[in-house]
Every structure is written in structure tokens, then in C-alpha cells.
Amino acid sequence: MVSHKSKVVRVRSQRQLHYIEPDMHYGNISPSTTREIMFHKMPTSTGEPSVPQPVDRVFRLPKSKSQHHDSENTGSQSPTSPPTSTISNNLHQIETTTKWSTRKKVIVGLIIAAVCIVVIVTVIVTVLLTRQSNTTASTTNTTVVYVLWSFDNVTTDSYGVYNGQLMNSATYSPSSSTMPYLGQGRALSVTAAQNQSFQVSTPFLNLASTSFTIEAWIYSTIVTGDNGVMGQCQCTSCSNQCFFFLIRSSKLYVGFTLNDINGLTTMTVNTWYHVAFVYNSVTKQQILYLNGVQDNIKSSSSAYQGTNGTFTIGSAKYYPSTTFFNGYIDNVKIETLAKSATEILTAASLIAYYSFDSPNPTYDNGPNGLNGSSINAGIVTGRVNQGIQFTGSSSYFQAYGFYQAGYGVNSNKPFSISMWISTSSYSSCAFVQMSTAYNGGSCFNMLGIWSYTGNAAQLVAQGYAWPAIYGPSITLNTWTHVSWTFSLTNGYRLYVNGVYFGTTGYYSYSGTSGVINWLQIGYSFTCSGNYISNAAFQGIIDEIYVHNREITATEVYTFANP
């Protein structure tokens with residue numbers, strides 16, 4: 001046996017390394033044989049003699065291949081156990097690791113950590129997106145649903161989806177009705193005593209957990225008590241599961257059961273009203289409109305939650321029973337979005353809008369579909385896109401359905417007419433007329449041009465009789481915007497190019513025909529009783545708006561500055 005003395009090595013840490021090697025034997029090498037490193041503190045900086053200190057740590061290292069032990073010498077100390085004389089009580093034995101092994105462990109650890117981070121982030125993002133998706137789905141629909149029942153002698157939805165059926169012999173209004181609003185169409189006619197209504201059972205009209213707007217024209221012969229206009233009910237006694245739209249004690253009353261809103265305006269019998277209800281799932285508001293004007297608003301309102309039930313018109317379930325309607329209901333429109341106050345006002349007050357743009361230049365682009373026809377008139381470049389050109393006495397545009405535009409069923413009711421004109425002649429003429437029949441009947445000229453010596457192409461606006469407003473002279477072949485409004489309070493008002501020109505002051509309009517009227521543009525018939533010349537207009541007209549109210553100066557300015 002050959003023994004080796006300890007080797008001393010000085011290291012940067014100011015400690016000494018003592019290699020203590022156990023006795024070596026020639027022969028087979030024991031695989032568990034190790035070397036031990038013992039750390040001893042160095043002498044102090046004061047130069048004191050070096051004195052061995054207690055052992056701090058011992059690192060056990062694998063023995064080199066050149067060192068051999070005789071495994072057959074049973075008298076020697078076990079190579080796996082260090083000599084007891086060299087081990088102190090505070091000795092810790094730690095197996096050393098190569099640099100490459102350490103690097104591998106670090107790399108593997110980093111990879112595992114990165115994978116864990118990716119997994120955690122993915123899970124968190126997925127959960128957040130799922131929650132956001134669920135929240136959105138609970139309040140809004142991604143696809144807007146449009147429904148329109150015109151009741152023009154049909155039970156079909158104009159979009160072809162939510163078709164219904166008449167119940168208990170419900171029918172339609174007379175085809176030759178002289179009632180305001182109906183014009184050339186028809187309306188649903190129901191009687192409460194016979195439990196009449198219109199129903200859509202399939203497919204289910206889903207209004208749950210979303211914004212929606214419902215509009216209709218109604219004419220009730222009874223406004224006392226409860227009168228069901230429309231509804232959809234899953235559970236009459238369950239909160240937010242039964243939608244109803246009523247006239248209750250002469251006022252509108254709409255809600256989802258235990259989540260309701262009352263109208264503030266008193267309604268009268270035998271009168272056409274435009275009614276609208278908006279639920280906004282974003283602002284959590286219920287809003288009621290009557291004739292385009294906000295009638296009431298309720299905040300902090302929960303969404304409707306009905307997920308099944310037949311949609312009915314002419315009846316509504318209201319706990320604990322069903323209530324029915326007496327009268328007419330028309331143009332029921334539903335959209336799964338929250339319409340603005342401006343959109344509701346337009347739907348309620350715009351009688352007709354003619355843009356004269358292709359592909360259907362004579363169609364009404366307003367809410368009522370009062371399409372017209374043109375005779376010997378051409379479509380040319382207009383003030384906005386395209387306009388309609390008139391060339392003489394046999395050239396005009398005509399449309400039917402005007403119940404409240406100066407000369408119609410409603411007496412002394414407000415109205416407005418606006419348009420762009422470009423005259424190609426200084427001759428006196430009429431360019432707006434109203435008549436009781438398509439071939440004339442009783443008629444009167446409303447807007448025209450008056451020319452005389454020293455004054456060419458002066459605008460003139462006049463009602464059924466005096467007084468009239470004489471406006472400024474207009475320039476040949478130049479676009480001029482003209483608006484004419486009426487109300488009992490303000491009388492006639494004339495605006496030119498968006499600017500107020502003059503008024504008659506208070507004036508009672510006496511021209512009532514008692515029937516739905518025809519509108520002529522460009523001239524058609526010879527009328528009597530006013531001071532606008534019975535002659536044809538020559539030029540181009542564009543962007544005609546007809547309202548059943550007195551539009552404001554701001555609105556006039558907007559029309560004049562497209």
C-alpha cells in the first residue's frame with residue numbers, strides 16, 4: 001500500500017485546499033473511491049503564523065483513473081468512507097458536478113420554466129377571451145335582425161322570415177280608406193271583443209339579452225283600460241320574461257314584467273300615432289317615443305330575458321290575462337339595435353323623400369314607400385347625385401299618399417316641403433301642386449316662380465288662399481334650395497338656400513280636402529283660387545323632402561348644405 005500526503009493549494013478565496021487521499025492499493029479500482037477536499041482558513045492579514053483551522057466544507061470528488069486500490073485487501077479502510085481522523089462534526093459532503101452538467105440543468109430548467117409560462121399565459125388569455133365573448137353574447141347579437149309587417153293585405157314579413165297568420169277572423173282596413181297616414185296601403189284591423197290578433201309562432205323572434213327597437217303606427221277606437229298593441233311572453237309572472245306593449249288608461253305602457261315604463265302623454269281615440277320603444281343594452285335604458293318625440297325614459301333597466309313565446313300584434317299578455325286592441329295597426333317594424341332619437345323622429349315625421357337617384361329614381365326613400373311615377377321627365381345630373389328634369393306642360397312627377405301636407409285630411413296640421421331647383425326659364429310657373437285625384441280633381445299650387453317686367457324668376461309660396469310670401473329672384477341654371485314650412489303658431493315660413501326669408505305670422509290653414517292627396521312636381525293640372533301661375537316648370541328638381549311637422553331652421557340649413 002502506498003500512502004500519499006495531503007497536497008496544499010492556495011485559492012483566490014483566501015482559503016487552503018487540502019487533498020486528503022485515502023490509502024491506495026494496487027489492483028482493481030473500487031468504483032466508489034473518492035477524493036476529499038478540505039477547506040482551511042488562511043492566516044490573517046496581520047502576518048500571524050498559519051495555524052490549521054477547523055474544516056469548513058468537504059467536497060467529495062471522483063478519483064482519477066490512475067489511482068488504484070486493491071479491492072482484495074480487506075484490512076484497509078473502506079474507500080467509500082473517508083478516514084475518521086480527517087472528518088469533523090460540521091463536515092458536509094457534497095458530490096461535485098461538472099460545468100457541462102450544470103449548464104444542462106440550467107438549460108433544462110429554463111425550458112421547463114418557459115413552457116410553464118406559455119401554458120399559464122395561454123390559459124389566462126383563453127379564460128379572459130371566453131368571459132368577454134360570453135359577456136358580449138349576453139347583451140348584444142352579432143347579426144342585426146330586421147322585421148317589417150306592412151299589412152298591405154298580406155301577413156308576410158317584408159324580409160320573408162317571420163311570416164304570421166290572422167287569428168279569429170282579423171282583417172285589413174278598407175282599400176279606399178280616407179284616414180290619415182294609410183295612403184295607398186292597408187292596415188291590420190282587429191276587434192277586442194272577438195279576440196282578434198296577428199301571430200308569429202315560428203321561427204322564434206329572439207329579442208332576449210339584446211338591444212332592440214319596435215315601431216308601429218296605431219289607431220285606437222278605445223284608449224281607456226288596457227289595450228294590447230303587441231307582445232311576446234314566456235312567463236307572465238316572471239321578471240323580465242314577458243314583453244308587452246299596451247295603451248293603459250290613455251297612455252303608453254311598455255315593459256318586460258316587473259321592469260316597466262309608462263308614457264306621459266295622454267292619447268285620444270280615432271287618431272293615428274307613431275309609437276316606438278327602444279331598449280339599449282349598453283346604457284341599460286328603456287325609452288318611449290310618441291310621434292317621434294321622447295315620451296319617457298327609464299335607466300338601470302335589465303334586459304328582456306324571454307327565450308320562447310309567440311309574437312302577437314293586436315294582443316298582449318299582461319299578468320294575469322291577455323288584453324286585446326280595438327282599431328288599426330300598421331307598419332310594425334322590429335330591429336335588434338337601439339335606434340337614435342333622430343332616427344325615430346325621421347320615421348315618425350318624414351312622409352316621403354325622393355332623391356331621384358338610380359336604379360329606382362321615382363321610388364320613395366323614406367319610411368312609407370310612397371313611390372311615384374314620372375311622365376315625360378328625364379333623370380339627369382342633379383344637385384346631389386341625380387335629379388329629375390322637366391321640359392314643359394306634359395312633363396311632371398306624381399305620387400300618392402299625402403294626408404298632411406297643406407291640403408289633405410288633417411286640417412291646420414304642420415307640414416314642410418323642401419327641395420333643390422334649377423330653372424332654365426324665367427317664365428312664371430308652378431313647380432309644386434297638391435290635388436285630390438290623379439287626374440286633377442280639386443287642386444292648388446303651393447310653390448312657383450313669378451316673373452314680371454323688371455323682376456324675373458321671383459320665388460312665391462302660397463297656401464290654399466291668401467296670404468302669400470314673395471321671395472327673392474333666383475338665377476337661371478343655378479341651384480337654389482327652397483324650404484316652405486307651416487304651423488298654426490308661426491304660419492308660413494320661407495327659407496332660401498338655408499336662410500330664413502320671411503313669414504306670414506299666425507295663420508289658420510283652411511284647405512282641407514277630406515281625402516288622401518296626390519303630389520305633383522313640375523306642374524300637371526290647372527288650379528284655381530291662388531296667385532301662382534298655371535304654367536309648366538322647365539328645369540331640374542332634386543332631393544324632395546315632405547314632413548308632417550314644421551322642421552327647424554337647423555334642419556333646413558342641413559338640407560341646404562348637403
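So the values come out like this:
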| quantity | calculated |
| --- | --- |
| Calculated from backbone phi, Karplus (6.51, -1.76, 1.60) coupling profile of the range 292-304 in Hz, x at Gly/Pro | x, 10, 4, 9, 5, 9, 10, 9, 6, 9, 6, 6, 5 |
| Length-normalised contact order for the range 146-339 - Cα pairs under 8 Å, 6+ apart - percent | 30 percent |
| Simple label model, 7 Å out from Cα along Cβ direction - THR265 to SER175, nm | 3.4 nm |
| Subset of LYS298/LYS339; LYS251/LYS317; LYS339/LYS413; LYS284/LYS339 violating a 19 Å alpha-carbon distance limit | LYS339/LYS413 |
| Burial order of peptide ranges 308-314, 337-343, 443-449 (average beta-carbon count within 10 Å, highest first) | 443-449, 308-314, 337-343 |
| Sequence ranges 535-544, 364-373, 157-166, ranked by mean other-Cβ count within 10 angstrom, highest first | 535-544, 364-373, 157-166 |
| Tensor-based shape of the range 304-458 (alpha-carbon gyration tensor, a/c under 1.5 rounded, otherwise prolate or oblate) | prolate |
| Fewest-first sequence of TYR545, TYR506, TYR273 by Cβ atoms within 10 Å of each Cβ | TYR506, TYR273, TYR545 |
| Shape of the range 349-560, Cα gyration tensor, a/c cut at 1.5 | rounded |
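No value in this document is a laboratory result; all are computed from the given coordinates. In this text the structure is predicted, and so the values were computed from the model without any measurement. Using ideal geometry, Cβ is built from the backbone for each residue, glycine included, and neighbour counts are taken over all protein chains shown.
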